[in-house]
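Read-outs throughout are calculated quantities, based only on the coordinates presented, and are distinct from any laboratory measurement. Quantities reported herein were computed from a predicted structural model and do not represent experimental measurements. Every residue, glycine among them, receives a Cβ derived from its backbone with ideal geometry; neighbour counts consider all protein chains shown.
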Amino acid sequence: MLNAIKDASESGLVFCFAGVGSAFAKLNAQTSLIIAKHRKTLLVDIGTNIPQALHEKGISICDFDFYHVTHSHADHIGGVEELLLLSRYVKRKKPQLIITPTYQDILWEKSLKGGCEYNEQGMLRFSDFITPLWPEWVGATPREVYRIRVGDIALEIFRTIHIPAEVTRWEQAFWSTGLCVDGRALFTADTRFDPSMFRDIDTSHVEAIFHDCQLGGPGLVHATYDELKTLPADLKKKIYLTHYSDNHKEFDPRKDGFHGFSEPWKIYKWE
Ligand SMILES: [Zn+2]
Ligand SMILES: [Zn+2]
């Protein structure tokens, strides 16, 4: 399957979701995005069940050129320990991880250290497992943005408001980010309903928005279907709903003005 994605990417940008499910979904794997362009591949988010979902399509978690994770919930990082340990002790290579220095510390100290730190020779650091690719800090107004180019893929990484439920500004929120890719396709990862995101990030050339969607309410830390329904029609028709629960068949997003649900393993392509 990865070769089919690479083949499709020879002429331009490709998105393909290894999973489109919410944290607790069982019919779909947890939301995880494969980005490819000119045969270079980037895996965004590695939830607990993503190594298995990839394996079922003949793909190893170690097969990607670059990696990126949006925040520290297990449905986005639960498979990272497998990537680190398999890469170091079996494949003998260091994954290239796109990560800011700030989040690199958070991810290691609060999540990964416990399972990875010890080995026969002593204590290991995060940099013993990965080659970090630090994006350039662009600014913090109106919200923090970083940029990096890997291969021919241009990424704009922007802060989102996801957790905790009480906060209303990105500055108060725990680390979570979304991605704008080549200025054409946007992946929110996990975010609360936050229309200011579409003002803060230049979406004038964005053709598709893959947006976190919680099908039932209330939307404490995710954007709910009913909240997203209130967005302007021209924005809504670009939205592919992701990160959805197993009752998705009860909904008809096209009828409600969305482009639809994002589909697992479908190749989305921009020439
Ligand atoms: Zn999530
Ligand atoms: Zn989350």
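Things to note:
- Unique residue being farther than 22 Å from Ala74 by Cα and buried (at least 16 other Cβ atoms within 10 Å of the Cβ) when the list is Pro142, Pro135, Pro95: Pro135
- Some residue of segment 54-66 being β-branched (Val, Ile, Thr), in a strand (DSSP E or B) and in contact (Cβ under 8 Å) with a residue 12 or more places away in the chain: no
- Among the criteria (1) under 29 Å from Pro232 (Cα atoms); (2) assigned to a strand (DSSP E or B), the one Arg192 does not fulfil is (2).
- Taken over segment 180-189, residues that are within 14 Å of ligand 2 (Cβ to nearest atom) and either among the aliphatic types (A, V, I, L, M) or not in a strand (DSSP E or B) (or both) amount to 2.
- Of all residues in segment 39-74 being farther than 16 Å from Phe210 by Cβ and small (Gly, Ala, Ser), the one that is farthest from ligand 2 (Cβ to nearest atom): Gly58
- Being assigned to a loop (DSSP other than H, G, I, E, B) and either more than 15 Å from ligand 1 (Cβ to nearest atom) or surrounded by fewer than 18 Cβ atoms within 10 Å (Cβ to Cβ) (or both) is a description that applies to Lys255.
- The set of residues from segment 173-194 being surrounded by fewer than 17 Cβ atoms within 10 Å (Cβ to Cβ) and touching an Asp or Glu at 6+ places or on another chain (Cβ under 9 Å) comprises Gly183, Arg184.
- Checking segment 23-45 against the condition returns no match, with no residue being small (Gly, Ala, Ser), on the phi < 0 side of the Ramachandran plot, assigned to a helix (DSSP H, G or I) and touching a strand residue (DSSP E or B) at 6+ places or on another chain (Cβ under 9 Å).
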